[in-house]
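Student: What follows is a single structure, and I will ask about it in a moment.
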Amino acid sequence: MSDALPRRTAHAGRIVFDTFRSAYDPMLNSWLVFRAQILREVLTVPADVTAADTDGRERARAGRFGVWRILATNNRELGRGSGLFPTPSEALATVEVLQREAVSLVASVVRGSTPMTHGWVLRRGGEAVMTSSRWYESASEAAAAARAARAVLATASIATGVNIGTQSGRRLRRAIAPVNQIV
């Protein structure tokens, strides 16, 4: 008789934080456009950018805007937070709360504007807190992806650093700073 195989533990995903140095960053802009298609109730452009006064526009140009994302063990993005955060510390605090409450998040499927495009949203108390990061061909595929993202959210490790975008909008793996040092 052979010995029993050792029990393998599943690898959890991880939650990472990204900052954008400008509200006009091309990567941030493409995410905002996608988010507006998933969450039709939100504006495509952050309110800071559309401010009428020059000071507000300057702050938006120079400010940092952060998002959090959930990555699978193979670095594939499973979803991202639906909010735009003024600091990584605020994003981290939100993630910690959502991890504790992951099982109570309600998933819903969203139909895109073209055929065979479906996304998903996780809500807490009716408020969108996380969205898909891509389109799926069927509603059932999107629903399964939402359930998987919710499960990974509950057990994911949280990165201690923040990926900082450059002025040109590129991400540098070397440009990582601790969450509590970015304000």
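Student: Provide, in order from the shortest bin, the percent of all Cα-Cα pairs of the range 78-166 in each 10 Å bin, continuing until the bin that contains the maximum pair distance.
Tutor: Taking every Cα pair in the range 78-166, the percentages come to 17, 47, 28, 8.
Student: Under a plain spin-label model, where a point goes 7 Å from the Cα along Cα-to-Cβ, how far apart in nm are residue 40 and residue 76?
Tutor: 2.9 nm
Student: Nearest 0.05, what FRET efficiency do residue 143 and residue 114 give at R0 = 22 Å with Cβ-Cβ as r?
Tutor: Numbers: r = 19 Å, r/R0 = 0.86.
Taking R0 as 22 Å, the efficiency between residue 143 and residue 114 is 0.70.
Student: While we're here: Please identify which residues in the range 127-162 have an amide N closer than 16 Å to a label point set 7 Å out from the Cα of residue 12, following the Cα→Cβ vector.
Tutor: Only 148-161 pass the distance filter.
Student: Rank 103, 129 by accessible area, highest first, at a 1.4 Å probe radius?
Tutor: 103, 129
Student: So between residue 93 and residue 134, what do we pick up on full extension, going 0.36 nm a residue minus the alpha carbon distance? Intermediate values should be presented prior to the final figure.
Tutor: Values: separation 41, 0.36 × 41 = 14.76 nm, distance 2.50 nm.
In short, 12.3 nm is gained.
The values are calculated or read from the model by the stated rules, or taken from the named source; none is laboratory data. It should be emphasised that the depicted structure is a prediction, and the values quoted were computed from it without experimental measurement. No Cβ is skipped: glycine too gets one built from the backbone with ideal geometry, and neighbour counts run over all protein chains shown. Surface areas here come from the heavy atoms of the whole protein model, side chains and all, with no ligands, DNA or RNA. Shrake-Rupley method; radii C 1.70, N 1.55, O 1.52, S 1.80 Å.
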